[in-house]
Structures are given as C-alpha cells and as structure tokens.
1. Would you mention how many residues in region 207-253 are under 12 Å from the mean Cα position of the chain (by Cα), touching a residue at least 60 places away in the same chain (Cβ under 8 Å) and not in a loop (DSSP other than H, G, I, E, B)?
2. Looking at region 588-614, which of the residues that are under 17 Å from V505 (Cα atoms) and in contact with a Ser or Thr (Cβ under 8 Å, 6 or more places away or on another chain) is surrounded by the most Cβ atoms within 10 Å (Cβ to Cβ)?
3. Being farther than 30 Å from L193 by Cβ, small (G, A, S) and assigned to a loop (DSSP other than H, G, I, E, B): is that true of A285 here?
4. If a residue must be within 19 Å of S189 (Cα to Cα), in a loop (DSSP other than H, G, I, E, B) and hydrophobic (A, V, I, L, M, F, W, C), how many such residues does region 79-110 contain?
5. Tally up the residues in region 52-72 that are in contact with a Lys or Arg (Cβ under 8 Å, 6 or more places away or on another chain) and within 25 Å of A249 (Cβ to Cβ), please.
6. Taking the stated definitions as given, is L258 assigned by TED's automatic domain parsing to the domain that holds G12, within 29 Å of C357 (Cα to Cα) and hydrophobic (A, V, I, L, M, F, W, C)?
7. Among the polar types (S, T, N, Q), surrounded by 14 or more Cβ atoms within 10 Å (Cβ to Cβ), under 30 Å from A383 (Cα atoms) and assigned by TED's automatic domain parsing to the domain that holds S501: is that true of T620 in this structure?
8. Given the criteria under 15 Å from F21 (Cβ atoms) and either outside the structural domain of I208 (by TED's automatic domain parsing) or over 37 Å from the mean Cα position of the chain (by Cα) (or both), does D147 qualify?
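The values are calculated or read from the model by the stated rules, or taken from the named source; none is laboratory data. What you see is a predicted model, and the numbers here were worked out from it, not measured in a lab. Reconstructed Cβ throughout: ideal geometry from the backbone, glycine too, with neighbour counts over all protein chains shown.
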Amino acid sequence: MRYYHRRQLGIGDFKAPQDIFVADSGEIYILDSGNGRIVQLSKERELVRIIDGFVVSGQMHRFSQAKGLFVTDDGHIYIADTLNERVVHLDEHGDLVQIIGAPKSPVEGIIPDSFRYRPIRLVVDSSRRIYVVAEGQAEGILQFTPDGEFLGFFGSPRVTPSLADVIWSRLATREQRERLALFLPTEYSSIDLDERGFFFTTIAAGDIVRTEPIRRLNPSGQSVTRRLGFTDPVGDPQWIASRFCDVVARPGGLYSALDQTRGRVFTYDSSGYLLYVFGCKGKQAGAIDVPRAIEQQGSYILVVDEGTNEVKVYKPTQYATLIHTALYYYQWGNYEDSARAWEAVLHLNANYDRAYCGIGLSHLLNGRLEDALRYFRLGNDRAMYSKAYRLYRRDVVDEHLGKVLTVALVIAGMLVFAVRCGVFARLWRLIRGGYDAADKAMQQRARPLKAVWNWLKTTARGVFFALYVIIHPFDGFWCLKHEKRGSVPSALVILLMTLASFIVVRQYTGFVLNPRDLRELNIYREASGVLVPFALWCVINWALTTLVDGKGTIRDMLISSSYALTPLIIIYLPATFLSNFLVAEEGSLYYLILAVGAIWAGAMLFIGTMVTHDYSAATTLFTSVLTVAGILAAVFIGAFWLVLMDQMVAFIGDLYTEIALRL
C-alpha cells in the first residue's frame, strides 16, 4: 500500500480531502476540500497542476467545502461546491464554463419550499446531462441539462413503511399523527457512472440502508441491482449494519463500496456475489481512519482518508488478481482458463463458494453436467444447480426412457399374471397363517412375554387403524372414543412418526428446494417444534372445552389429535422423495403437496375435536379459535418468564460476584 501526501507531492498538507476522480487518461484529480483546491496528478502520480479557484468578471472565486468532483473525457471538470450551493463547470484549462445554481421549476410543488441546495456528489453522462446528489434531500437525484436547466428528480427510492407503521397511522389520533415521522424516501450519499451508462448509488440513512444500501439505476431511474449472491450486497449482513459513503463502478460489471462504519472495502460482481473484503478502521498502516471516497486506477484501489489527510493506494493481492482473472476469462468465453483460475483461488481459500460456482458454470457451459452439479452443490448455488439439473434430467430421460418403460411393462405384465393366478392371495394366506401360528405360540408363553406380545399387537392394530380414520373421519373418530379402537401407545407412535416426518423433510428435501444447513440439525429443537405445540393444543383445548360442555377427556384429545396428524406422515414422506427430482420452477408443485397434507391434517383435527366433544361445527370453530388464542397467550407468558428468570439469574450472579470480590 502507498500514500499520497505532502512529502511525495511537495504541495503542503492535504486538509479534509473529500473526493477523488481518475480520468480515462489515467490522470488523478483530488478534491482537497479543506484547502479549497483541486490537485491534478499525472498517470505516473506526479503533480500536474493545482486549481484553487476560477475567475468571473475579473474576480477570483474560491471553493467552499466542496465535496464532489467529476471529470469528462475531454477534461472538463465539474465540482460540487457544497457551501456555496452551486455546481461549477470548468473547461480543460481550468476556466469557467458555467455555474449551475439551485434548481428552479415552473411547476409549483416539484421543489419543496424547505429544499436547500447543497450538492455533495455528481456525475455527467455521455450526453452531458448532469446528475447531482444534494445533502439532506430525500426527493432523489437532481437532473440537469448540459446547459444547467433543471429537468427533475431522478431515481427516488420507493417509500416502504412497515405494516406496524401503517396500522399505527390509522389508529393514532390527529395529534399523534402530527408527531409521527414522515414516510420519506431515503436520501442518497454518493453516485458513480459505470461503463454502460448505469448509475451506482449509495444510501445515506433510513430503513432502506439495511436492505438496499447500494443501488444500480438504469437511465430511467429504476433500480436494476442484481442480488443473486448468498447475501445481498449490504456489507456486513449479521453485525452492525455497514454504512457506505461511496461506491466505484469497475470494469466487467464489478463494483466496490466503501464502508464508513469499519473502513472496509466490499467488492461485488455484477450478480451481487461478494468477491472479497479488505481494510479496517484505524490510523495504522493499511487502515482507514475516516473514509470519504473510493476510486480505481487500473488494478489499484484509491481511498481518500479524511482522518489522516491522505489518499491511500491499495495494490491487489494474488488472491484478488486470480478472482479478477477468472471473471475476465469467463466474460470472454474462455471457460477452461476461467475454471483453472478458480481452482487456483481454491488453493488459497478452500471455503470460497464463488470459486466452486465459477468452476461449476464452466463445466455447465462445456456440457459436463455431472461435474457442474457437483460444483454447484459445493458452492451452495441452488439457482444454477437447478438449471444444470434440468439439462441433466432431460439427458437421462432421453437415454433411459425406453428401457424404463420396457421394464415397467414387463413388471406390470408379471403383476397381472400373478393376480390372475392367485399368487398374492396365496401369499396373503401364507403370511396370515404364519401370524396366527406365531400368535397362538405366544399365547402359550409365560405371562410377561404374553403381555408384551398382546401390547405390541394392540398398539400395531391401533396404528394401522389410523388409515381408516383418515378415510372415514367421522366413523373413525367415533370408534376411537367409544369403541376404544385406538390407544395412548398407538397415538404416541403416530406422534413420533410425525416428528420423524418433519426431520426427514428438513434433512432430505431436494437440494434445490432445501435452503437449510443440514449440519445444524438439533433434535431437541425439532422435537420441541412439534411436541410443544401439540401438548399446548391438547391441554388448552381440553381445559377450554370443560367450560363449554365438552364430552372428551384429556386422553381422548391426545388420541384424536395424534390420529389427525396421520396425513402429514402419508403426504410429507413421498413429497420429500419427489423433491429430489424437481427443479426450482417446479417447486410450487412440492409446496402444493405439502399444503394439501397440512390442510388435510387441519381438517382431521377439526373433525376429531368436533366428534370427541360432541360439538356442532360452529361450536368447534369457536373453541378452536379460543384454543389458538390460548396457545399464543401461553407462549407469550412462557417467553416472559424465561426472560425474567434469565434476568434474575444474571442479577444473582452479579450480586454473588460483587459480594465475593468485596469479601
């Protein structure tokens, strides 16, 4: 890393530098805001000239806390002269071309009465239209013609109040609404122009800063930011939110954003994948104290540090160079070399998901589908895995469909022949005879063994009776209660099978449709997610129905509720198997099957409650709603007591520590 400071350039100290721009020619322009000047350096980073003002009608004008700078291809310089509330346009010689003051519109209401024009960043497109970011303004980016005529606001972020804000605004009194914060679009803090004429912007503050702190706008002002990475391009996704103060568009659709919170630089590709991060906050070598602006010169990254009054130059490491090389080869269609570059990246960082995805993409484009699937899975890229699997599945079906149909026809013919010859009937009689013989033998054994056998037999019959219940729910639940066709052990077996079904769904759903981390399976958490709601339903429903002339006991509720879950077992397991053969576009079929199972189980639970308590449909609906409300209340109270107990334990621990230290 290198620095630009007075000892290198011989121009005195920088003072609060705010922006930097690298022209297509390679020349560097540094906005030394505190000294009111622009320092121009050559491509070799040697001093060319200093612009500390301009002449108007024979009088010298100075810059006042200017914060933004842009240079066109022909050397024209645009300065966001912040405290003077103007944009200054100079030609390639540093002479004044025009001054663009505060915007004016003939249409009333376009510009708010409270609008204050303090430009902080600006860019100029290929048509010489000027786009200005103003400090503290939420209307959007100001757009001017080449002659400085105001055209309107551009790219205003959408207002997205939360549901709670909307509800509260409806319920609040007039006085309360007057004190509520206005739902205003979020203000921009920086802007840059990429090679295709699209705008990269950063968001200064507000709700959108957490979800969309970097926006890529098309010439119409619509956000076209791609977010296909494992996390959105938001900087740090899990800790204190990053606050980006500047962004630079780089060749090939890449962009790097400067985090003001931690002094780090995040680099993303055109799809929103995070490529690498570097930098930290501080005054030591390599750190950034008060980040202000970022720019690129060739393969180097230049960062303006207001805290140390320096421009810091970062050279790419071997790791970053390999990543850029892999992306470059891919964009030019050289997929083999791209894959080799990604493999070199993996030698440096075996946990780099983007490298696996890059290798998988190279295999996909070269027709090696099985290798592509393997690398997409390693890279955790479900979207590309789905595309590769669609092609692989088509090839497999085309190759083996004839064989599969032939085998299926042979098996079907054999089954028809077996049925006509009575093979299955004889097989059933053989199995039945073996079972009767075993049952007769067990009845002659000692009493404990006989009791265990009878218990297992009764439990198994009760479990199989669930198949009758889900087809004939009214008769089935009536038999469960009055004829004792079910038992508590049978109900517990069904409940455990339901729990197992949820675990199977979590662990064995197809990769494309399963975003969970399979390594994070927690049996206790999964069990509590099924057993706790089930127990609360049984207990609270029974407690409420005792007050509404319910005829069922807690035992009846346990059995009927367990049997009502049988559709989940029957539906979820085949759906999980099927999910391994589906692509992303067919995921709706999988979720539809799961929804059918859940609705079927819900209907069974409703009918079971109605039959068990001898209720009408209306009474059952009423008690079910009360039961759900009771469950929510119980969960709230339980969470409250857990938090309270945690606070008490922490207090007692602190008290004990304090006493022990004082003694």
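1. 0
2. Top of the filtered list is A601.
3. Against the criterion (farther than 30 Å from L193 by Cβ, small (G, A, S) and assigned to a loop (DSSP other than H, G, I, E, B)), A285 qualifies.
4. Final tally of qualifying residues: 2.
5. Of the residues in that region, 3 qualify.
6. Yes.
7. no
8. no
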